[in-house]
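Report on the structure given below.
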Amino acid sequence: MSHRPLLPLAGLLPLALAAASAVPDGKPEHVKYRVEVYGPAGLHVVTSRTEIDETGDSYAIKSSIETRGMAGWFVTMKSTAETRGRLTPDGAQPESFHSDTERNGIERHNKVTYASDRAVSGSSTPPPKEPVKPVIPAQMRGTVDNLTAFFLLERQLGQGGNCDLTVPVFDGQQRSDLQFTDGGQQKLSPKHDQNFAGMTTVCHMKRVEIAGFPANGEDEEGARSGTLWYAKLIPGDLVQAIRMEMQTGSGDVSAYLAEVQASGANLKLME
C-alpha cells in the first residue's frame, strides 16, 4: 500500500478535534473510519466505512459504501468488500477477497483466492453485459485486491516511506495497476466542515487498465485517477487519508475523513 522522509504527525488539529479523547500509546488492533463523499455542487452522495484489524501476523479489512441524499434519485448503490491475509516484513499478502454490490437493483458478486505460490484465481457473477478483454491466469499472478493495495500504501507511508508505489490489482473481474506517485508535503486548512489543519503527504493515484474493462466504459466503476492527502492521526503502522479528490466515470468527487475510532477513542473531524 520505498521512501525515507518521516511523515509529520498531525499535531496541528484544531481545538474541536484536540478536545476529543486521546488515543492510548501503542498499536491499535482495530481501527474504524467513516468517510463522507461529495459530488458536483457539493452534494452529499456517498458514505464509506472501513474497518481494519491487525492481529499478530494477520490482517483483515472490511469496507462498505452506500449512496446518500439526492444521489439516490439517480443511482442507488450498496457495496461491501472484505479481504483477509498475512502481514509480511515488506508489506501484506492477501489470502481471500470477496465483494458484493447492488446497483439500481442489479447485483454483482466478486471472489478472489490467493495461493502461497502467488497464483491467483477469481470469479465475477453475473458476467459483464458488454464484451471485455479476458484476464488470463498469468496476468492475475502476484496481484492483490484493491483494499490491500491502499493498505500497502498506508503501511509504506506509516513506516516512513513516500508515495512512490505501483500495485498490481485484480478484483475477480478487472485487472489493473494502481500507480501512486509522491507529491511532497502540503499544509491543509479546515474545509467543507472538516476540522483538520496540519501537514500532510500528498499522493497522486492513476489506474492503468489492463484487462476485464468494458470498451465503452458504461459499466466502469471506481476512481480512474486522483489525489490523496495523508497524515498520521493515531499510533500504529498506518496513516490516514484525510482528504481525497477522485476522477471517476460518473464525474469528479471529493472525500473527507469524518471520524476515526481506535483503542477506545473517537476522533471526530466532521459531525
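The values are calculated or read from the model by the stated rules, or taken from the named source; none is laboratory data. Just so you know, these numbers come straight off a predicted model, no measurement behind them. Here the Cβ positions follow ideal geometry from the backbone for every residue, glycine too, while neighbour counts run over all protein chains shown.
Miscellaneous remarks
- Of all the residues in the range 153-167, those that are assigned to a helix (DSSP H, G or I) and either buried (at least 20 other Cβ atoms within 10 Å of the Cβ) or among the basic types (Lys, Arg) (or both) number 5.
- Among the residues making up the range 168-191, those that are outside any strand (DSSP E or B) and either in contact with a strand residue (DSSP E or B) (Cβ under 6 Å, 6 or more places away or on another chain) or among the aliphatic types (A, V, I, L, M) (or both) are Asp171, Gly172, Gln173.
- Failed item, numbered, when Ala262 is tested on (1) at pLDDT below 85; (2) farther than 21 Å from Val37 by Cβ: (1)
- Of everything listed in (1) surrounded by 18 or more Cβ atoms within 10 Å (Cβ to Cβ); (2) at positive phi; (3) of a type in the set (Gly, Ala, Ser), the single unmet condition for Ser124 is (2).
- Residues located in the range 168-185, provided they are of a type in the set (Ser, Thr, Tyr) and surrounded by fewer than 21 Cβ atoms within 10 Å (Cβ to Cβ): Thr181
- Among the residues of the range 218-271, those that are assigned to a strand (DSSP E or B), out of contact with any Ser or Thr (no Cβ under 7 Å at 6 or more places or on another chain) and over 14 Å from Phe196 (Cβ atoms) comprise Ser225, Gly226, Thr227, Met246, Thr248, Gly251, Asp252, Val253, Gln261, Ala262.
- Hits in the range 192-215 (condition: in a loop (DSSP other than H, G, I, E, B) and within 30 Å of Met140 (Cβ to Cβ)): Gly212, Phe213, Ala215
- Residue satisfying condition, being surrounded by 15 or more Cβ atoms within 10 Å (Cβ to Cβ), of a type in the set (Lys, Arg) and at pLDDT 95 or above, within set Arg224, Arg243: Arg243
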